[in-house]
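For reference, the structure discussed in these notes is given below.
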Amino acid sequence: MIAGHWEVVVVGGRIAGASTAWALAPYAERILVVDASRPTAFWPQQSTWDRDGNLAWAELGLLETVLACGAPRTYGDTQRIGEEVVERVYPREDDHSFRMSVPREVLDPALLTAARSRANVTVLRPARVRDLTIDAGRVRGATVRHGGVDSQVTCDLLVLADGRLSRNAERVGASAYRVVESPWFALLAYYENLPLPTDRSYFSLQDRSVLISTPCGDKQWCVALDLHQSLIDETGRHPAHSYERMVRDDPRLGPAVAVGRRSTSIGGAGRMRMLRRPMSGSGWCLVGDAGYHLDPVTAQGTRAALVTARILRDRVAGAGRVAGADLTGLTDERDAALEADWAYTEQIVRA
């Protein structure tokens, strides 16, 4: 039965939502995850993190889950800045000192499977929240549509992990209090059988563009391009055409893609807004992009999602259970924990 009381209802079952459901499971009797996507849905998307991200996964107890996704570990990169080429090796501080990139079509289901493995976590997919029940300023529950049927659920805590465009965030009154418009357009596609090293990445930093190649699976690479809007305006080219041309003309990637093949369409999004919303309120909490969205140009979004999930988990763990946990002050705690990530990304976006 869907209708009834759940201690936690998580809206969104991707990185932030699935990780939060997993992390809160020891402190709740029943958790419901409502995810709008279909299992067969696919769009080119990538998740990348470095040592800090590995530590964040480990703090949530999910590092083995992401390592099992099969992406190679990279221990250095080749950087082409203008015409100069620099070979870098990452500092080896400990066993977490590597970088990793995993396609979201692999990572997201793995995290949702991990959450579902908790006996007290139920996942509805595809399903969506049609409306929220708010009484005396506190979120009390939601109307969930699944299989064409609406069900009324109540909850002690509603966790919104439904992305930067979350309508539910507006419903609970979590308006953005800091917004930075981004002039960058991000595109990517996956390639197979490229004659490139599997233990290092490649970055080409040119005038108003960054071209990146990372190994992300068995004989699979992600090739991403961050393109400044001013360059798109100057050339008059569709971003996908610029992507194909710049990959083809790159002295390192051009010969590699000529040997291998592109295995997906080119996906992308542009001019996204960085934003901060309050992290918590009466009966609700925002994790991941719903409350804190960083432009993907610096690849810090995954760590930000994990940090917010961990902050919520720690606060609930301190109380010993979800019901009755004091969630005041989470916004300041989150903003302080992620200030360096925000400052770095905003500097790139405004450059």
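All of the numbers you see were taken from the coordinates with simple rules; none came from a lab. In this text the structure is predicted, and so the values were computed from the model without any measurement. Cβ placement follows ideal geometry from the backbone for every residue including glycine, while neighbour counts extend to all protein chains displayed.
Numerical summary
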quantity	calculated
Net length gained if the chain between ASN120 and GLU170 were fully extended (0.36 nm per residue, minus Cα distance)	15.1 nm
Cut-off under 5 Å, modelled amide H: who pairs with VAL10 long-range	LEU32, VAL33, VAL34, VAL159
Ordering of 216-228, 112-124 by burial proxy (mean other Cβ atoms within 10 Å per residue, highest first)	216-228, 112-124
Phi-based couplings in Hz for the stretch 253-264 (Karplus 6.51, -1.76, 1.60; Gly and Pro marked x)	7, x, x, 5, 6, 5, 8, x, 8, 7, 9, 9
D_trans [Stokes-Einstein, Kirkwood Rh over alpha-carbon pairs] for the stretch 225-304, 10 °C, 1.306 mPa s, µm² s⁻¹	102
ARG88/ALA340 FRET efficiency (R0 25 Å; Cβ-Cβ; nearest 0.05)	0.75
Added length on full extension, which subtracts the Cα-Cα distance from 0.36 nm per residue, GLU181 to ILE348	58.9 nm
Dimensionless Rg/Rh of the chain - Kirkwood Rh, Rg from C-alpha atoms	0.98
Span-like helix ranges in the chain, DSSP H, alpha carbon extent 20 angstrom or more, Kyte mean at least -1.0	301-319
Candidates per GluC sites (Glu not before Pro) in the stretch 163-241, loop by DSSP, up to 16 other Cβ within 10 Å	none
For the stretch 246-298 and the stretch 38-92, distance of Cα centres in Å	13
Farthest positive-ward along the stretch 163-321 dipole, Cα basis, beta-carbon charges - from ALA186, GLN220, GLY173	GLY173
The stretch 1-95: trypsin sites (Lys or Arg not before Pro) in DSSP coil with no more than 11 other Cβ atoms inside 10 Å	ARG92
Nearest-0.05 FRET efficiency for GLU64 and GLU29, computed from C-beta distance (R0 25 Å)	0.45
Spin-label model distance (nm) - SER230 vs THR328, 7 Å beyond Cα toward Cβ	4.7
Ratio Rg/Rh, restricted to the stretch 204-243 and using Cα atoms, in which Rh is the Kirkwood radius	1.08
Rounded to whole Hz, the Karplus (6.51, -1.76, 1.60) HN-Hα couplings of the stretch 173-186, x for glycine and proline	x, 8, 6, 5, 10, 8, 9, 10, 6, 9, x, 9, 10, 9
